Amino acid sequence: MVFASTILNAQNASDKIKPKWMRQLPNSPRVSYIFSTTVSSGRNLDELRVKNMSDFVADLGFEKGAVAVTDYSSSEYEHSISKNGVTRDFAESTFSVKTSIKGEPVSFNAKVVDEYWQRLDSGEYLLTRLYARGPAGSKVEFDNFVKTDKYGFADNWRAIIPGWAQMHKGSYLKGGLIAGGAVSLAGGAVFCGLTRKDYLSKMANTHSSSVKQQYITTANNMATGMYCCLGGFAALYIYNIVDAFVAPGARRIVVTGRGVAINF
């Protein structure tokens, strides 16, 4: 499992955009396991990750009407990944958990899939982790879960409506600005066009040369405003399409095949 390096801890969140699975859990292609999330808070991220898994296991125990008691062992190592000339450091952690539940012995098969954390105003961290788990007492061979911020045409076709693709990919502020800008520019073009038409009509019904000249000037100004709005709308629409296909979105989970589970 790959997590952001501790150099990111000074930030207010692990990612600029919250992962998509925080809004909608991934769809499991098999009935042998399901996805779930567990939220925990604390002062130290490393300790919080252990606490979050403990909370997750405890929830499984409560589902069985019992109390979960858990022992942990973990290993960590750091490495760097270079992409497009940018190097990022990562700390990779693998947790091995042995669990016993008071009352009735129960075994669970589960895997840590992804995580997202944010720092609160109080200084505490709020950690949300995505887990995949099978039913109690059953062994599960999990699929490979690939984390990606890339989206394909099946998602990006929404760019036909300005801002829709960005919102679908989790960039609500950007999508809202694009949608609002498109509506404003389109509305401005319509307003200028109608106003120009109105002044041209008034010009045809007046015999005063000075008034007619004022109407012509205003109509010309409205025509300029209309063309500017149309040009702005066209530029924004092109940006909207390019951004929809190029810019990364909220991280999502793609199931690609079978992998190795963390048993606990």
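The values are calculated or read from the model by the stated rules, or taken from the named source; none is laboratory data. Keep in mind the model is a prediction, meaning the values are calculated, not measured. Glycine gets a Cβ as well: all are built from the backbone with ideal geometry, and neighbour counts include every protein chain shown. For the accessible areas, the whole protein counts, side chains as well, though only heavy atoms, and no ligand, DNA or RNA atoms are used. Shrake-Rupley method; radii C 1.70, N 1.55, O 1.52, S 1.80 Å.
Please go through region 156-172 and pick out each residue that is surrounded by fewer than 16 Cβ atoms within 10 Å (Cβ to Cβ) and of a type in the set (A, V, I, L, M).
Hits for region 156-172 are Ile160, Ile161.
Output yes when any residue across region 138-155 is in a helix (DSSP H, G or I) and either on the phi > 0 side of the Ramachandran plot or open to solvent by less than 70 Å² (accessible area, probe 1.4 Å) (or both), and no when none is. Full working, then the answer.
The first filter runs over region 138-155 and keeps only residues in a helix (DSSP H, G or I), leaving 153-155.
This time we only want the ones that are either on the phi > 0 side of the Ramachandran plot or open to solvent by less than 70 Å² (accessible area, probe 1.4 Å) (or both), so: 155.
Checked region 138-155: at least one residue is in a helix (DSSP H, G or I) and either on the phi > 0 side of the Ramachandran plot or open to solvent by less than 70 Å² (accessible area, probe 1.4 Å) (or both).
Given (1) in contact with a helix residue (DSSP H, G or I) (Cβ under 9 Å, 6 or more places away or on another chain); (2) over 30 Å from Phe142 (Cβ atoms), identify the lone condition not met by Asn205.
It fails just one condition, (1).
Looking only at region 108-115, decide whether some residue is crowded, with 16+ Cβ neighbours inside 10 Å, under 30 Å from Val242 (Cβ atoms) and under 14 Å from the mean Cα position of the chain (by Cα).
yes
Out of (1) under 20 Å from Lys20 (Cα atoms); (2) more than 19 Å from the chain's Cα centre (by Cα); (3) of a type in the set (Ser, Thr, Tyr), what's the single condition that is false for Tyr131?
The single condition Tyr131 does not satisfy is (2).
I'd like to check something: does region 232-248 contain any residue that is open to solvent by less than 20 Å² (accessible area, probe 1.4 Å), out of contact with any Asp or Glu (no Cβ under 9 Å at 6 or more places or on another chain), without any contact (Cβ under 8 Å) to a residue 60 or more places away in the chain and farther than 30 Å from Asp114 by Cα?
So far as region 232-248 goes, no, none of its residues is open to solvent by less than 20 Å² (accessible area, probe 1.4 Å), out of contact with any Asp or Glu (no Cβ under 9 Å at 6 or more places or on another chain), without any contact (Cβ under 8 Å) to a residue 60 or more places away in the chain and farther than 30 Å from Asp114 by Cα.
Give Gly225, Gly175, Gly188, Gly180 a once-over and let me know the one that is over 22 Å from Trp164 (Cβ atoms) and open to solvent by less than 60 Å² (accessible area, probe 1.4 Å).
Sole residue among the options that is over 22 Å from Trp164 (Cβ atoms) and open to solvent by less than 60 Å² (accessible area, probe 1.4 Å): Gly225.
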